[in-house]
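Read the structure below first, then the notes.
The values are calculated or read from the model by the stated rules, or taken from the named source; none is laboratory data. Not measured: the values here are computed from a predicted model. A quick note on method: Cβ atoms are made from the backbone with ideal geometry, for glycine too, and the neighbour counts reach across all protein chains shown. SASA here: full protein model, heavy atoms, side chains in, ligands and nucleic acids out. Shrake-Rupley method; radii C 1.70, N 1.55, O 1.52, S 1.80 Å.
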Amino acid sequence: MKWTRALALPAAAVAAVAVRDLTQKQHAILHNFPVLGHARYLLEKVGPELRQYIVTDNNDERPFSRDQRRWVYASAKRQNPYFGFGTDNDVERNEGYAVIKHRTFADVQPAVHPNVGEETPLPCAKVLGAPRGRRHAFRPASTINVSAMSYGALSGPAVEALNRGCALAGALHNTGEGGISVHHRHGADLVFQIGTAYFGCRDGRGRFDLERLKDLVAADPVRAIEVKLSQGAKPGLGGLLPAAKISEEIAQIRGIPLGEDCHSPSRHAEFSDVDSMLDFVELLAAETGLPVGIKSAVGQDDLWQDLARMMSSGDRGVDFIAVDGGEGGTGAAPLIFSDSVSLPFRLGFPQAYAAFAREGIADRVVWIGAGKLGLPENAAVAFALGVDLVNVAREAMMSIGCIQAQRCHDDRCPTGVATQNAWLTRGLDPDTKSERAANYLRSWRREMLKVAEACGVQHPGLMGGDMVDILLGTRLATPLWQTVGYDDPGWGLPSRQQQEDIRRLMVGAPEGGSAPPSATAVDAPDEGREEGAPSSGDGPARDSRIEDSATPG
Ligand SMILES: Cc1cc2nc3c(=O)[nH]c(=O)nc-3n(C[C@H](O)[C@H](O)[C@H](O)COP(=O)(O)O)c2cc1C
Ligand code: SF4
């Protein structure tokens, strides 16, 4: 009796915690694992102290280190994303460490306050589809967009949260190869991906169906079409959606049977080489009016050489090229493919880009990069290599709750992001998580704006290969453009006209400022200087808005 009474109080407390966990909407983990889930938050909190004595440091975990995840989580929650004490990276001994080189004297000054610049649009430096005169050419409003991830690989609430987050942040949402579902219809502009199985645009026998594609893009806010050749985590292998993740709804959207793994073939049936691929691309663009591009990992070089050579005449061409690094993510892939097939982004992208630069046509293509580029330090290097837009997959997943449990393939994702299990997905609240996705996308843009300004330019697209050095320990620092074999430090930059356009569009971006110079300053002006001097502190120096951030081309 005594025992029963002694236990009653703790049991009631546990029950109360369980009820609170089940009814709250902030944390999917607590909803899905009431009471137990608190252990994760406790460990996260005391982790830094514990790790000093036992386990790994802030940079050991993979694919994303603890520091990197902390930055994404803090950004998504609009918490202070600053870190104290100084870097804990092994800058002196890490071979290949990239260092961004700031400029001491420049016309632009980065704003200091953590949140300044979040609302600033950071549009693409190029107009997508303009060089080939596509009817629906447009300037993407955001340099960061959500990468291809299908409904099926991700849960319905996760796709909805990302779609609504993109709509809030003005970013594009790539459908992935699994077609367009109801979860994709929450306001964001879409990039429709065509994979080898032609999900969403195929006939009853699984063949590509142009009329279905036209109906689809007419019915939904599709702004561009991406023909997927391969992805970094499993190039040359096609896709796989495990049977465990195939719900009735997914089977119906894709036109596939229930209870069986769903394979996408490794190669396309509609074309078999670069020549026929360009015909296919031109057909899609002519029939839909949309910009059409390709997504590929980088392996053997002939694809890029042939494509650049055939595009150089100007008769046919892709509007964008999305290069996916071998370190990229996937819902499911064999280890050998994830680990060892296709080049990492920093080696692969320059191969593709250089082929076009040598033909003098790199500025006719919008270059998209993916492969951990949702981290500003990686993105800065990518922009210096020639990237115009960044696509993010796993970083976007983290912004909506993914904790890197790496169970995306077995339908047991504890956060409800990458599963079709009804109990687990119920914990993911699209209202809260869409805000977080938008916060993260805006934070990334803010950091990129600040780093570009620290280098003395108004937009990350104006960062060149001479603004980054690659270190070999403490012995050697080589400019990025030389390290990757570019012939000229100007490779990677848009054309002169495109540079001028983007500078004009960025007029009004918030900058930092200082107090007016003192009377003894060397270049202090005469009387009246104070009136025209920039205001002190952070905040909009001129207009608070950027004009024309998404000008249709
Ligand atoms: C769960 C998941 C599903 C994915 N599905 C697709 C897909 O359908 N099509 C595709 O081209 N890439 C797909 N990818 C690859 C991503 O679009 C992206 O290229 C890659 O993960 C690199 O970006 P990241 O490093 O930001 O994750 C998927 C990635 C993940 C993690
Ligand atoms: S929490 Fe784990 S299983 Fe879920 S999406 Fe993230 S890595 Fe995949």
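Rounded to the nearest 0.05, the FRET efficiency derived from the C-beta distance between Trp3 and Leu347 at R0 = 60 Å is 0.35. Peptides 236-243, 147-154, 458-465, 78-85 ranked from most to least packed by the mean count of surrounding Cβ atoms within 10 Å: 147-154, 458-465, 236-243, 78-85. Note on the range 125-165: Cα convex hull, mean projected area over all directions, 3.9 nm². Extending 7 Å from the Cα toward the beta-carbon at both Arg412 and Tyr41 defines two label points whose distance is 2.4 nm. Spin-label model, Ala244 to Gln26: label points 7 Å out along the Cα-to-beta-carbon direction sit 3.1 nm apart. Net charge dipole, the range 75-160: roughly 620 debye, given to the nearest 20, about the Cα centre with Cβ charges of +1 for Lys and Arg and -1 for Asp and Glu.
Take 132-142, 206-216 and order them by the average number of nearby Cβ atoms within 10 Å per residue, most first; the result is 132-142, 206-216. For the range 347-429, what log10 I(q)/I(0) values come out of the Debye formula at q = 0.22 1/Å, with one point per alpha carbon and no solvent? Once normalised to I(0) and log-transformed, intensities are -0.93.
Modelled spin-label separation between Asp488 and Ala515, with each label point placed 7 Å from Cα along the Cα-to-Cβ direction: 4.7 nm.
With q set to 0.12 Å⁻¹, the log10 of I(q)/I(0) for the range 143-243, from the Debye formula over equal scatterers at the Cα positions, is -0.37. The accessible area of Val14, taken with all protein chains in place and a 1.4 Å probe, comes to roughly 80 Å². Selection among Ala125, Val390, Leu22 by position relative to the dipole of the chain gives Leu22 as farthest towards the positive end (Cβ unit charges, Cα centre). Using Cα positions and a limit of under 26 Å, work out the lysines in reach of Lys295, with same-chain residues fewer than 8 apart set aside. Of all the lysines, those that pass the test against Lys295 - Cα under 26 Å, at least 8 places apart if same chain - are Lys126, Lys214, Lys228, Lys234, Lys245, Lys372.
Near the amide H of Leu128, within less than 5 Å, lie the amide hydrogens of Phe138, Arg139, all on another chain or at least 5 residues away, with H placed in the peptide plane. With kT/(6 pi eta Rh) evaluated at 37 °C and eta = 0.692 mPa s, and Rh the Kirkwood radius from Cα pairs, the range 1-41 diffuses with a coefficient of 301 µm²/s according to Stokes-Einstein. Enumerate the residues in the range 412-453 having an amide nitrogen under 18 Å from the point lying 7 Å beyond the Cα of Ala405 toward its Cβ. Of the residues in the range 412-453, 412-430, 433 have backbone N under 18 Å from the label point off Ala405.
Share of pairwise Cα-Cα distances greater than 26 Å in the range 77-198 is 46 percent (whole percent). Between the amide H of Ile144 and those of Val390, distances stay under 5 Å, these residues lying 5 or more places away or on another chain, with hydrogens modeled in the peptide plane. Kirkwood Rh and Cα-based Rg: tell me the resulting Rg over Rh for the range 370-518, rounded to two decimals. Using Cα coordinates only, the ratio equals 1.09. Think of the chain as a dipole: +1 on every Lys or Arg Cβ, -1 on every Asp or Glu Cβ, centred on the Cα centre; then among Leu258, Asn32, Ala12, Ala12 lies furthest on the positive end.
Peptides 329-338, 291-300, 88-97 ranked from most to least packed give 291-300, 329-338, 88-97, packing being the mean of other C-beta atoms within 10 angstrom over each peptide's residues.
Scanning the chain for long hydrophobic helices, with DSSP H runs required to stretch 27 angstrom or more by C-alpha along their axis and to average at least 0.5 on the Kyte-Doolittle scale, returns 2-23. Computed over protein heavy atoms with a 1.4 Å probe, the carbon and sulfur contribution to the accessible area of the range 269-369 reaches 50%.
Within the same chain, aspartates and glutamates fewer than 8 places from Lys77 are excluded, and of the rest, those with a Cα less than 16 Å from its Cα are Glu44, Asp67, Glu118, Glu119, Glu395, Asp429, Asp431, Glu435, Glu447.
Note that the chain carries a Kirkwood radius of 24.7 Å, evaluated over its alpha carbons pair by pair.
In the range 198-320, the ratio of gyration radius to Kirkwood radius, Rg to Rh, stands at 0.99 when only Cα atoms are counted. Amide H to amide H distances under 5 Å link Ala322 with Ile294, Lys295, Ser296, Ile368, where only residues 5 or more positions off or on other chains count and H is placed in the peptide plane.
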